[in-house]
1. Scan region 64-74 for residues that are loosely packed, with under 13 Cβ neighbours inside 10 Å and over 22 Å from L36 (Cα atoms) and report the count.
2. Need pairs with beta-carbon distance below 8 Å; first residue within 12 Å of Y75 (Cα to Cα) and within region 41-65, second of a type in the set (K, R) and at pLDDT below 75; sequence gap 6+ or separate chains.
Amino acid sequence: GLAYGMGRGRVFWRLILPQAARLALPGLTNNWLVLLKATSLVSIIGLAELVKAASDAGKSSFQLFNFLVLAAVIYLLIAVASNSVLHRLERRFAVGFERGAR
């Protein structure tokens, strides 16, 4: 890229980052989902806070099961949405490369 007159920033964004992202995204996806499920540091709504709020609301209205199911559905939607976005990024950066045998 430098030989073609590109600056260092453009070389990074156009050449290096797409190649590195193709290799790094599967591991980052796995780590993201583990962090999402294990801690509330990376998400606005953590699992512990969501379950606590559902439990409190269910105990006050005597519909604990309904609120816990709603909390599970919300958390599942967050996990599925983030997994979907990261899977699309993986496919985007893997254009032109064959997948290895599993």
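The values are calculated or read from the model by the stated rules, or taken from the named source; none is laboratory data. Just so we're clear, the structure is a prediction, and the values are computed from it rather than from any experiment. With ideal geometry, Cβ positions are generated from the backbone for all residues, glycine too; neighbour counts draw on all protein chains shown.
1. 1
2. Close Cβ pairs (under 8 Å, with a partner that is of a type in the set (K, R) and at pLDDT below 75) amount to L47/K37.
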